[in-house]
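> What follows is a single structure, and I will ask about it in a moment.
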């Protein structure tokens with residue numbers, strides 16, 4: 001039989017996680033969303049820095065047509081809007097289960113002041129939207145040569 005060390009805070013942390021999941025499910029909104037999230041469904045996103053120290057945002061948009069995506073930047077806020085439309089209706093039958101969400105969405109993210117909003121690039125391939133937000137040249141780290149006198 002293994003000896004288990006008593007940790008009074010373990011149960012509190014577990015209860016805290018469970019309550020967060022319950023309230024996240026009720027509100028339909030996650031606490032880690034940056035500025036706002038609204039719509040019938042929310043696409044999942046990854047935000048990271050690449051090797052060039054550009055900010056990269058990847059959004060999963062399966063079933064969304066390129067024409068139904070709108071991307072804008074205003075006041076250091078990137079806004080991604082779109083709509084996933086239902087492809088076809090079942091006319092002579094009935095649905096047994098519908099789990100996929102359809103409708104409009106809107107996600108907004110605060111951008112650091114170091115992002116060069118004039119040179120943003122967006123690519124949509126295989127249901128994944130990749131947005132590259134380059135840094136301004138003056139914000140990129142640089143090496144300074146030290147001279148010996």
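> Go through 99, 74, 89, 83 for me and flag whichever is in contact with a helix residue (DSSP H, G or I) (Cβ under 8 Å, 6 or more places away or on another chain) and farther than 18 Å from residue 46 by Cβ. Full working, then the answer.
Values: 99 fails: in contact with a helix residue (DSSP H, G or I) (Cβ under 8 Å, 6 or more places away or on another chain); 74 fails: in contact with a helix residue (DSSP H, G or I) (Cβ under 8 Å, 6 or more places away or on another chain); 89 fails: in contact with a helix residue (DSSP H, G or I) (Cβ under 8 Å, 6 or more places away or on another chain).
Step by step, each of 99, 74, 89, 83 is checked, and only 83 is in contact with a helix residue (DSSP H, G or I) (Cβ under 8 Å, 6 or more places away or on another chain) and farther than 18 Å from residue 46 by Cβ.
> In region 47-84, which residues are in a loop (DSSP other than H, G, I, E, B) and either surrounded by 14 or more Cβ atoms within 10 Å (Cβ to Cβ) or touching a strand residue (DSSP E or B) at 6+ places or on another chain (Cβ under 9 Å) (or both)?
So the first thing to find is which residues in region 47-84 are in a loop (DSSP other than H, G, I, E, B), and the list is 50-54, 61-65, 75-76.
Within region 47-84, 50, 52, 53, 54, 61, 62, 63, 64, 65, 76 qualify.
> Scan region 119-141 residue by residue and report those that are outside any strand (DSSP E or B) and either at pLDDT 90 or above or surrounded by 12 or more Cβ atoms within 10 Å (Cβ to Cβ) (or both).
Filtering region 119-141 down to residues outside any strand (DSSP E or B) leaves 119-120, 126-127, 134, 136-141.
119, 120, 126, 127, 134, 136, 139, 140, listed by residue number.
> For region 102-117, which positions are over 13 Å from residue 40 (Cβ atoms), surrounded by fewer than 13 Cβ atoms within 10 Å (Cβ to Cβ) and modelled with pLDDT under 90? Walk me through how you get there before you give the answer.
Pass one, region 102-117, residues over 13 Å from residue 40 (Cβ atoms): 108-117.
Next, from what is left, pick out any that are surrounded by fewer than 13 Cβ atoms within 10 Å (Cβ to Cβ): 110, 112-113.
Passing the criteria: 112, 113.
The values are calculated or read from the model by the stated rules, or taken from the named source; none is laboratory data. Source: prediction; values computed, not measured. Cβ atoms come from the backbone with ideal geometry, glycine included; neighbour counts cover every protein chain shown.
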